[in-house]
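Participant: Supplied in structure tokens, the structure appears directly below.
The values are calculated or read from the model by the stated rules, or taken from the named source; none is laboratory data. Just so we're clear, the structure is a prediction, and the values are computed from it rather than from any experiment. Glycine gets a Cβ as well: all are built from the backbone with ideal geometry, and neighbour counts include every protein chain shown. Surface areas here come from the heavy atoms of the whole protein model, side chains and all, with no ligands, DNA or RNA. Shrake-Rupley method; radii C 1.70, N 1.55, O 1.52, S 1.80 Å.
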Amino acid sequence: MFDLSGKRVFVAGHRGMVGSAVVRRLAGENCEVLTAGRADLDLMDQAAVRGWMAREKPDVVVVAAAKVGGILANNTYPADFLYNNLMIEANLIEASHRVDVGKLLFLGSSCIYPKFAPQPITEDALLTGPLEPTNEWYAIAKIAGIKLCESYRVQYGSDYISGMPTNLYGPGDNYNLETSHVMPALIRKVHNAKQSGGTVEVWGTGTPRREFLHADDCADACVHLLKNYSAQEHVNIGFGSDVSILELTQLVMEVIGYDGEIVHDLSKPDGTPRKLMDSTRLHNLGWKPKIALKDGIADAYSHFLQEIG
Ligand code: GDP
């Protein structure tokens with residue numbers, strides 16, 4: 001059991017969907033949250049990260065900073081997805097080691113697993129087969145991050161842990177249709193279709209299955225792991241069940257209140273056929289999600305409406 005009270009907790013990536021949710025969640029803990037704006041600290045700049053960490057001396061670091069994006073963005077910017085993510089995590093982890101950070105949580109994603117991993121995906125499926133090509137750049141960087149945490153634990157005894165969230169959605173999501181993930185894309189598309197009375201365009205066949213977790217549930221799991229987990233193995237952070245993209249589209253339409261026609265753009269990739277994680281390890285640590293999918297979509301939609309104002 002790690003005690004967060006009185007600790008200085010640096011949340012790297014606090015403007016992102018996960019980082020901002022972690023900051024909100026930490027407000028309920030008796031700790032001091034540290035953040036650094038992009039203008040003040042370039043996480044890809046090794047000297048800057050070392051300098052910042054030496055000055056601020058956090059006790060705890062949450063690595064929620066990453067270059068992220070959906071299936072199209074990964075395909076379009078492979079160098080950015082690999083290089084930026086390697087630099088961000090390596091700089092933060094090594095700088096944490098230099099200032100004796102007592103606990104570090106590194107966050108990755110379910111796309112670290114092989115394309116055809118047995119479902120639901122357990123943690124030990126890592127590195128057992130080829131990755132899904134549409135996001136292998138990001139995946140390779142995140143696998144390196146897990147291994148960095150493991151290596152510092154093995155070599156120095158550092159209490160660095162890794163959590164791998166499933167597909168996340170919620171406040172502060174990216175609603176740019178070119179770069180977003182499917183959930184925010186569908187929220188925007190269904191919203192637009194409702195306004196215009198038009199069709200809802202779904203990429204691919206609609207048959208791939210995905211698991212979705214609200215960012216606030218993810219943040220709650222992160223805090224739970226910080227407090228209750230200390231071991232080399234990474235931990236899946238999942239919801240526990242999945243839906244097909246077509247079912248998701250129908251659910252988003254139900255929440256937003258639109259029943260127009262769904263059309264498929266088959267020129268877009270389906271990606272991996274199924275990505276459901278086995279979160280038994282996390283559940284055995286005493287954590288369960290609290291936000292049902294439909295309620296979570298309603299919450300995300302109300303934030304979307306505020307954001308587009
Ligand atoms: P993935 O989980 O890494 O494959 O990333 P995405 O969230 O981008 O895509 C998940 C699935 O949703 C894929 O099968 C996409 O083809 C499908 N999908 C359907 N419509 C959309 C859309 O408008 N945007 C995105 N990003 N994906 C979509």
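Participant: If we restrict to alpha carbons, what Rg and Dmax does the chain come to, in Å?
Facilitator: Computed over the Cα atoms of the chain, radius of gyration and Dmax are 19.0, 60 Å.
Participant: Using the Cα centre as the reference, give the magnitude of the dipole from point charges on the C-beta atoms of the chain (Lys, Arg: +1; Asp, Glu: -1; all else neutral), rounded to the nearest 20 debye. Working shown, then result.
Facilitator: Values: 29 positive and 37 negative charges, 81 e Å.
For the chain, the charge dipole is close to 380 debye.
Participant: Please work out whether the range 206-268 counts as rounded, prolate or oblate from its C-alpha gyration tensor, where a ≥ b ≥ c are the square roots of the eigenvalues and a/c under 1.5 means rounded, while otherwise a/b larger than b/c means prolate and anything else oblate? All intermediate terms of the calculation are to be shown ahead of the outcome.
Facilitator: Values: a/c = 4.24, a/b = 2.27, b/c = 1.87.
It is prolate, given that a/c is not under 1.5 and a/b is the larger ratio.
Participant: Check cross-link reach from Lys142 to the lysines: straight Cα distance under 18 Å, and skip same-chain residues fewer than eight apart.
Facilitator: Once the sequence-local lysines are set aside, what remains near Lys142 is Lys67, Lys115, Lys275.
Participant: Next question, about the same structure. Springs between alpha-carbon pairs under 10 angstrom, Gaussian network model over the chain: which of Ile262, Ile143, Ile93 fluctuates most?
Facilitator: Top of the fluctuation ranking is Ile262.
Participant: Roughly how many percent of the accessible protein surface of the range 240-309 is carbon and sulfur, given a 1.4 Å probe and a whole-percent answer? Provide the component values of the computation, followed by the final result.
Facilitator: Numbers: 1850 of 3600 Å².
Carbon and sulfur: 51 percent of the exposed surface of the range 240-309.
Participant: What Kirkwood radius, in Å to one decimal, follows from the Cα pairs of the range 116-158?
Facilitator: Numbers: mean 1/r = 0.0851 Å⁻¹.
About 11.7 Å for the range 116-158.
Participant: When every alpha-carbon pair in the range 160-232 is counted, what percent end up more than 13 Å apart? Mind showing how you got there, number by number?
Facilitator: Values: 1909 of 2628 pairs.
Here the tail beyond 13 Å accounts for 73 percent of pairs.
Participant: Given only helices, namely DSSP H runs of n ≥ 4 each adding -39500 (n - 2.57), what is the per-residue ellipticity at 222 nm of the chain, to the nearest 500 deg cm²/dmol?
Facilitator: Details: 10 runs with 124 residues, N = 309.
The per-residue figure over the chain is -12500 deg cm²/dmol.
Participant: Also: Rounding to the nearest 20 debye, state how big the charge dipole of the range 1-98 is about its Cα centre with +1 on each Lys and Arg Cβ and -1 on each Asp and Glu Cβ. Mind showing how you got there, number by number?
Facilitator: Numbers: 11 positive and 11 negative charges, 27 e Å.
Once rounded to the nearest 20, the dipole reads 120 debye.
Participant: Could you state the accessible area per residue of the chain in Å², with a 1.4 Å probe and every protein chain left in place? If you can, show how the numbers build up before the last one.
Facilitator: Details: 13030 Å² over 309 residues.
Per-residue accessible area for the chain comes out at 42 Å².
Participant: Would you mind telling me which residue in Ser230, Ser180, Ser196 has the biggest mean-square fluctuation in a Gaussian network model of the chain, where springs connect alpha carbons within a distance under 10 angstrom?
Facilitator: In this elastic network of the chain, the residue with the biggest mean-square fluctuation among Ser230, Ser180, Ser196 is Ser196.
Participant: Also: I want to check the label-to-label distance for Asp42 and Ala231. Put each point 7 Å from Cα in the C-beta direction and report it in nm to one decimal.
Facilitator: It works out to 4.1 nm between the two label points.
Participant: Provide, in order from the shortest bin, the percent of all Cα-Cα pairs of the range 44-195 in each 10 Å bin, continuing until the bin that contains the maximum pair distance.
Facilitator: Each 10 Å bin holds this share of Cα pairs: 11, 35, 33, 17, 4, 0.
Participant: Counting DSSP beta bridges in the chain, what percent are antiparallel, to the nearest 5?
Facilitator: Values: 3 of 31 bridges.
Of those bridges, close to 10 percent are antiparallel.
Participant: Let me ask something else about it. Can you give the Rg and Dmax of the range 192-309 based on its C-alpha atoms, in angstrom?
Facilitator: Rg and Dmax of the range 192-309, Cα atoms, are 16.9, 52 Å.
Participant: Based on the alpha-carbon gyration tensor of the range 46-116, what equivalent-ellipsoid semi-axes (square roots of 5 times the eigenvalues) come out, in whole Å, largest first? If you can, show how the numbers build up before the last one.
Facilitator: Details: eigenvalues 146, 39, 14 Å².
Taking √(5λ) for each eigenvalue gives 27, 14, 8 Å, largest first.
Participant: Search the structure for amide H atoms under 5 Å from the amide H of Arg8, placed 1.01 Å from N in the peptide plane, and list their residues when 5 or more places away or on another chain.
Facilitator: Under 5 Å from the amide H of Arg8: Glu32, Asp59, Val60.
Participant: Quick check: from the Cα gyration tensor, does the range 107-179 come out rounded (a/c under 1.5), prolate or oblate?
Facilitator: Working: a/c = 2.04, a/b = 1.37, b/c = 1.49.
It comes out oblate by the Cα gyration axes.
Participant: Which helices pass in the chain if a helix is a full DSSP H run, must span at least 18 angstrom along its long axis by Cα, and must have mean Kyte-Doolittle hydropathy not below -0.5? Please report the intermediate quantities before stating the final value.
Facilitator: Details: long enough: 85-98 (20 Å, -0.03); 136-156 (29 Å, 0.03); 182-196 (21 Å, -0.18); 215-228 (19 Å, 0.08); 293-308 (22 Å, -0.04).
Helices meeting the criterion: 85-98, 136-156, 182-196, 215-228, 293-308.
Participant: Now for a separate question. Going by Cα centres, the range 167-227 and the range 31-96 are how many Å apart?
Facilitator: 23 Å
Participant: What nm distance separates the two modelled labels at Ser196 and Thr122, each placed 7 Å from Cα along Cα→Cβ?
Facilitator: Output for this residue pair reads 4.8 nm.
Participant: Could you check how much of the accessible area of the range 1-112 is carbon and sulfur, as a whole percent, using a 1.4 Å probe?
Facilitator: On the way: 2380 of 4840 Å².
Carbon and sulfur together cover 49 percent of it.
Participant: If we count GluC sites (Glu not before Pro) as exposed when they sit in a DSSP loop and have at most 15 other beta carbons within 10 Å, what is the longest stretch of the chain that avoids them all?
Facilitator: 1-177
Participant: Moving to a separate point now. What residues have an amide H closer than 5 Å to that of Glu132, excluding those fewer than 5 places away on the same chain, when H is modeled at 1.01 Å from N in the peptide plane?
Facilitator: Lys115
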